[in-house]
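**Q** Before I ask anything, let me first share the structure, which is written out below as structure tokens.
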Amino acid sequence: MSEFNQSRRRFLTQSGVGLVTLTTLPRLADAMESMRMGGGMGMGMHSGSGEIAYPKITPNKANPAFHPDVELDLVCKPTEIPILKGAPTRVLRYQATLIKGPAGTVVDIPHSYLGSIIRLQKGQKVRVNFHNGLSQASVVHWHGLHVPQMMDGHPQYAIDSGETWVYEFEVINRANMNIYHPHPHGATAKQVYLGLAGALIVNDEEEAALELPSGEYEIPFVIQDKQFDSENQLTYAPSMHQRMAGMTGEKILVNGQANFHLDVASRAYRLRVMNGSTSRIYKLAWDDGMPMTVIGVDGGLLEQPETRPYVMLAPGERLDVWADFSGRNEGTQLALKSLAFSGVLPKMGMNHGGLAVGSEYPICTIKVTRKVSDSHKLPTHLSKMPRYRIDETANPNNPLPIGISESPMSMLLNGRAYEFNNPLPTERVKKGSVQLLEIFHAHGEMNQRGGGMGAMGGMSMSMAHPIHLHGQQFEIMSRSISGDTSDYDTVSDGFIDSGLKDTVLVMPMERVKIIKPFHDFKGLFLYHCHNLEHEDMGMMREFSVE
Ligand code: C2O
Ligand code: CU
Ligand code: CU
């Protein structure tokens, strides 16, 4: 609130034109939006990038020469599930059925719209018969898995209603948690929002040797926010406003459940946390002063645990959290909260009321209901991580750019909206190479935050973007921030940059350098903002690995 007033005051003293923009722009955008929507549901509609013409495909069939260790059927279809008191909610859901493979490969989360949990071993050959039971096109992306481009869920391979696509790949990832979710261009956010997402966990021997908490002591923890209408239904029809800032809901769900509560024993647990929201960013902390202990991120276990007062979690990111309740008495209660922070949304008064992004609210409550004397001990060393030095990259002095630009009507990367198979020179990389990349905000002074020097100082469209790259996991080498850091200081202790990542939250005014290997597979691999509203607006590009 005060932040808004402040930036508005600065704005008024420094610019006369700006006032017009500030007050009329969002209304103009909403007006345009209602024209476009034409009263319909906006199914599959997207702005910014236009229609993409993909070549006609024939759905991939099983390869008789591929001998799977694990085979499953995966269906996505509409169903109904009780979430709130009263009427059940219509959702879309992934349902997996194990055809071949070890028991425990497919586990359903009871009473949840979330997809079955798929648990794989490194080295397994996997076949997934994906059947599209929706009334619109879809495709499955295994976010975090390094697989051939035909198996990666590129939107060019979206299949129509009633069709089946057979995925076949070998699990070459180290142990980590991944997300499977739809990726049809222009409709990803909607399909995810209506329920399509699931966890895919990879295990390996390095992880097994640690004997981390498992079974009932290893808990999947998928955080999402949704907006229910008075009939308990979800509607996905974001205004232009909500496309820019991201669609958010007033209800926080964990594993598909509202008011999530855990009864625990007084011992250590492993929480496999994932942000499955379309755009909401969380600042996770325990409310009783216990620090957050993190043992892994997107790409698996860290080398050693990290302890922080709070941890940031942007859409698409995962955290492996060591939650140790030992020593607590029976009846002890605590909560996992999202704490207050600022600076991730445009400073244009976009953050109206309710459960605002950056306000403080609970995520789940926990009660110790069982006192036990034994517990797992936190290992001091967790894993050996494959690492590269900058001088081992193909381009140590010449990072490949990922330039972010934002405007009310278009969210771009490297100055371009999404195009199919039309890479810029800097989007073509040699297979087998290791590249240095730099993610930064590409817009000019006018659009920058906090400087106060330009005529438009104080007004800013600049916001945080969780940038995700398909394919192999990357390392975060450095972050640098210019200008006023007062907003940045509310989040910066919560970045876990020591592990392998596939998604990184880039704050306004921030530059992030990463090293990413492009090994094993040729083809088109997407990179995009994992604010799914932005992705659908065209804030997505491709690397052509050649
Ligand atoms: Cu989780 Cu290309 O996305
Ligand atoms: Cu991905
Ligand atoms: Cu974005």
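The values are calculated or read from the model by the stated rules, or taken from the named source; none is laboratory data. If you're wondering where the values come from, they're calculated on a predicted model, not measured in any experiment. Cβ placement follows ideal geometry from the backbone for every residue including glycine, while neighbour counts extend to all protein chains displayed. SASA here: full protein model, heavy atoms, side chains in, ligands and nucleic acids out. Shrake-Rupley method; radii C 1.70, N 1.55, O 1.52, S 1.80 Å.
**Q** If we keep just the residues of segment 381-392 that are in a loop (DSSP other than H, G, I, E, B) and open to solvent by 90 Å² or more (accessible area, probe 1.4 Å), which is farthest from Gln257 (Cα to Cα)?
**A** Result: Arg389.
**Q** Identify, by number, the condition in (1) touching a helix residue (DSSP H, G or I) at 6+ places or on another chain (Cβ under 7 Å); (2) within 16 Å of ligand 2 (Cβ to nearest atom); (3) over 15 Å from Gly316 (Cβ atoms) that Gln472 doesn't meet.
**A** Evaluating Gln472 over (1) touching a helix residue (DSSP H, G or I) at 6+ places or on another chain (Cβ under 7 Å); (2) within 16 Å of ligand 2 (Cβ to nearest atom); (3) over 15 Å from Gly316 (Cβ atoms) leaves (1) as the failure.
**Q** Tally time: how many residues in segment 461-485 are over 20 Å from Arg541 (Cβ atoms), open to solvent by 20 Å² or more (accessible area, probe 1.4 Å) and touching a residue at least 60 places away in the same chain (Cβ under 8 Å)?
**A** Of the residues in that region, 1 qualify.
**Q** Turning to a different aspect of this structure: Any idea which of (1) in contact with a strand residue (DSSP E or B) (Cβ under 9 Å, 6 or more places away or on another chain); (2) surrounded by fewer than 13 Cβ atoms within 10 Å (Cβ to Cβ); (3) within 30 Å of Val321 (Cβ to Cβ) is the one Pro362 doesn't satisfy?
**A** Of the numbered conditions (1) in contact with a strand residue (DSSP E or B) (Cβ under 9 Å, 6 or more places away or on another chain); (2) surrounded by fewer than 13 Cβ atoms within 10 Å (Cβ to Cβ); (3) within 30 Å of Val321 (Cβ to Cβ), the odd one out for Pro362 is (2).
For (1) open to solvent by 40 Å² or more (accessible area, probe 1.4 Å); (2) within 25 Å of Asp487 (Cβ to Cβ), each residue gets a yes or a no:
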site	(1), (2)
Gln304	yes, no
Pro315	no, yes
Asn329	yes, no
Pro379	no, no
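**Q** Then there is this: Can you list the strands (runs of 3 or more DSSP E) found entirely within segment 100-173 that contain at least 2 residues being over 20 Å from the mean Cα position of the chain (by Cα) and closer than 27 Å to Leu253 by Cβ?
**A** So the answer is 125-132.
**Q** In addition: Can you confirm whether segment 414-435 contains a residue that is at pLDDT 95 or above, more than 16 Å from ligand 1 (Cβ to nearest atom) and of a type in the set (Phe, Trp, Tyr)?
**A** no
Condition check ((1) part of a loop (DSSP other than H, G, I, E, B); (2) among the basic types (Lys, Arg)) across all residues:
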{"site": "Met312", "(1), (2)": "no, no"}
{"site": "Pro315", "(1), (2)": "yes, no"}
{"site": "Leu319", "(1), (2)": "no, no"}
{"site": "Ala323", "(1), (2)": "no, no"}
{"site": "Arg328", "(1), (2)": "yes, yes"}
{"site": "Lys337", "(1), (2)": "no, yes"}
{"site": "Leu345", "(1), (2)": "yes, no"}
{"site": "Leu355", "(1), (2)": "yes, no"}
{"site": "Thr365", "(1), (2)": "no, no"}
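**Q** Please work out which residue is nearest to ligand 1 (Cβ to nearest atom), limiting yourself to segment 499-532 and to residues that are surrounded by fewer than 22 Cβ atoms within 10 Å (Cβ to Cβ) and outside any strand (DSSP E or B).
**A** Only one residue tops the list, namely Phe521.
**Q** Of the residues Tyr193, Tyr167, Tyr180, which is within 25 Å of Thr89 (Cβ to Cβ), aromatic (Phe, Trp, Tyr) and either within 15 Å of ligand 2 (Cβ to nearest atom) or open to solvent by 10 Å² or more (accessible area, probe 1.4 Å) (or both)? Please lay out each step first, then the result.
**A** Details: Tyr193 fails: either within 15 Å of ligand 2 (Cβ to nearest atom) or open to solvent by 10 Å² or more (accessible area, probe 1.4 Å) (or both); Tyr167 fails: within 25 Å of Thr89 (Cβ to Cβ).
Going through Tyr193, Tyr167, Tyr180 in turn, the sole match is Tyr180.
**Q** On the basis of being open to solvent by less than 40 Å² (accessible area, probe 1.4 Å), out of contact with any helix residue (DSSP H, G or I) (no Cβ under 9 Å at 6 or more places or on another chain) and either among the basic types (Lys, Arg) or over 18 Å from Leu382 (Cβ atoms) (or both), does Ser342 make the cut?
**A** The answer is no for Ser342.
**Q** For segment 521-537, give me each residue that is in contact with a His (Cβ under 7 Å, 6 or more places away or on another chain) and away from ligand 2 (no atom under 16 Å from the Cβ).
**A** Met537
**Q** Okay, next question. Can you tell which of Pro220, Pro148 is away from ligand 3 (no atom under 16 Å from the Cβ) and closer than 27 Å to Glu419 by Cα?
**A** So the residue among Pro220, Pro148 that is away from ligand 3 (no atom under 16 Å from the Cβ) and closer than 27 Å to Glu419 by Cα is Pro148.
**Q** Identify all residues within segment 495-510 that are within 16 Å of ligand 2 (Cβ to nearest atom) and farther than 15 Å from Ile402 by Cβ; write none if there are none.
**A** The answer is Leu500, and nothing else.
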